[in-house]
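Throughout, read-outs are computed from the coordinates displayed, never taken from laboratory work. Nothing here was measured: the structure is a model prediction, and the numbers come from that model. A quick note on method: Cβ atoms are made from the backbone with ideal geometry, for glycine too, and the neighbour counts reach across all protein chains shown.
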Amino acid sequence: MGIQITPSVLNADLANLASEVNRIRSADWVHVDVMDNHFVPNLTLGLPVVESLARSTPLPMDAHLMIDDPDRWAPAYAEAGCGSVTFHVEAAAAPVRLAREIRAQGARASMALKPATPIEPYEDLLDELDMVLVMTVEPGFGGQGFLDLCLPKIRKARAMMERRGVQTWLQVDGGVSLETIERCAEAGADVFVAGSAVYSAEDPDAMVAALRARAESAQRALGQEGSDAVAG
């Protein structure tokens, strides 16, 4: 799988979401942050808005649920038309069952981890997941600075996936920009959420292309290093 860019509409004009999504036509997904003011200290879009947006955009939707009780609510986002639904493992009571319920609704099942949550205890869950999201900021607000301390976790997650032979995507979210995306790609990430970097740009779609180019360049360099190591 190649690099995927998934702009977050958290930093877009929420009063004109459909037109804002039209400004990122070359994106792979539309990332929608759902917050309940309980799991994280912020309140954002909910299910009715997600249902409406799903009807108005041809881009697939990637819902990131920063909410309590995702076991109850996450399947409804798949039913609403989201192509990928992410729940936080810190909030899920039965993550395996939840992942299977999301998949049963026809969506990709994804598990997110806060910066301080280790990946190692969840290696056995990788077979049940289509994507793992490593948060590179504390969830709750856009525009935060990237946490380099999360890079080792990204590397560990990628190593686990390769060891188990799964095709699970590895997403990063938080502070992703032209200055940080290469480090994430070099660590093994292949799906990138960018909010402020995209929607603060004069041309959001051009920024999507620029981010993709940076990540692809880093991924190619990483592949070349691997080839050189094998040849050596």
Debye, to nearest 20: dipole size of region 4-231, +1 on Lys, Arg Cβ, -1 on Asp, Glu Cβ: 300 debye
Unit charges at the beta carbon, dipole of region 4-231: most positive-side option, Leu17, Leu222, Ile119: Leu222
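So for region 4-231: antiparallel DSSP bridges make up what percent, rounded to the nearest 5?
Values: 1 of 33 bridges.
Bridges in region 4-231 are about 5 percent antiparallel.
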Which of Leu178, Pro204, Leu59, positive extreme of dipole for region 4-231 (C-beta unit charges): Leu59
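Just want to confirm a number: the relative contact order over the chain, from Cα pairs under 8 angstrom separated by 6+ residues, in percent.
Values: 464 pairs, mean separation 45.8, N = 232.
This gives 20 percent for the chain.
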Taking only Cα atoms of the chain, radius of gyration then Dmax in Å: 16.7, 56
Kyte-Doolittle mean at least -0.5 and Cα axial length at least 30 Å: DSSP H helices in the chain: 204-231
